[in-house]
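Okay, so here's the structure we're looking at.
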Amino acid sequence: MSNEKQVDSGRRGLLVATCAAGGVVGVSTAGVLVSTLQPSERAKAAGAPVEVDISDVKPGEMKVVEWRGKPVWILRRTPEMLASLPKNDSLVADPNSDKSFQIPVPEYAKNEFRARQDHKEVLVTVGICSHLGCSPSSRFTEGPQPNLPDDWHGGFLCPCHGSTFDLSGRVFKNKPAPANLDVPPYMYLSDNKIVIGKDEKGEA
């Protein structure tokens, strides 16, 4: 195994342990992380779909759960967050998610919201950078700040090599990351409950 793959594997193990197992992850002061759902060990090992109650995720808050050993972010975006997305269309590399990374992009995520249209305020995405497998950190505050452009509208910053993603997980142009953050298959069981890893086409 190459050194790069070893580093990637180590980073991924660390980020999963930090993001999902512990249930406490630092986010920017503009974003609030709510409690983490813990699926059973058997379900996690099998990669089974994971049901998540999102009733406790308020606008502007993000919840982290684990699916197939990966952290999955569930961000309930505010109207202001949604309004910022069209401003990034010309700045991101793949505005409509035409390219896939590790997971084929679901048809319902091929839009600037990267979400189902009947719940477009809720972003469900895998929190792993498409460059070397690091986990980006949330940077929801708008405006100039270290390591971000002056016209920043909120999003995510990968601390490893500086890739930036908007509030839909779309990577900005001329960054090391080659693709947007993955959107896993998911569907709504009710307005406040989703299942990750499964949609109308079946399990991933």
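The values are calculated or read from the model by the stated rules, or taken from the named source; none is laboratory data. Given the structure is predicted, the values throughout are model-derived calculations rather than measurements. Ideal geometry is used to build each Cβ from the backbone, glycine not excepted, and the neighbour counts take in all protein chains shown. With ligands, DNA and RNA removed, areas are computed over all heavy atoms of the protein, side chains included. Shrake-Rupley method; radii C 1.70, N 1.55, O 1.52, S 1.80 Å.
What to note about this one:
- Leading residue by the ranking (nearest to Asp118 (Cα to Cα)) among those in region 61-95 that are without any contact (Cβ under 8 Å) to a residue 60 or more places away in the chain and hydroxyl-bearing (Ser, Thr, Tyr): Thr78
- Of all residues in region 131-143 being at pLDDT 90 or above and of a type in the set (Gly, Ala, Ser), the one that is surrounded by the fewest Cβ atoms within 10 Å (Cβ to Cβ): Gly143
- Some residue of region 185-201 being open to solvent by 10 Å² or more (accessible area, probe 1.4 Å), over 28 Å from Pro79 (Cβ atoms), out of contact with any strand residue (DSSP E or B) (no Cβ under 7 Å at 6 or more places or on another chain) and modelled with pLDDT under 90: yes
- Gly154 being touching a Ser or Thr at 6+ places or on another chain (Cβ under 9 Å), in contact (Cβ under 8 Å) with a residue 60 or more places away in the chain, on the phi > 0 side of the Ramachandran plot and open to solvent by less than 10 Å² (accessible area, probe 1.4 Å): yes
- Among the residues making up region 62-83, none is polar (S, T, N, Q) and buried (at least 19 other Cβ atoms within 10 Å of the Cβ).
- Test: residue in region 97-120 that is in a strand (DSSP E or B), within 13 Å of Asn180 (Cβ to Cβ) and either touching a residue at least 60 places away in the same chain (Cβ under 8 Å) or open to solvent by 70 Å² or more (accessible area, probe 1.4 Å) (or both): no
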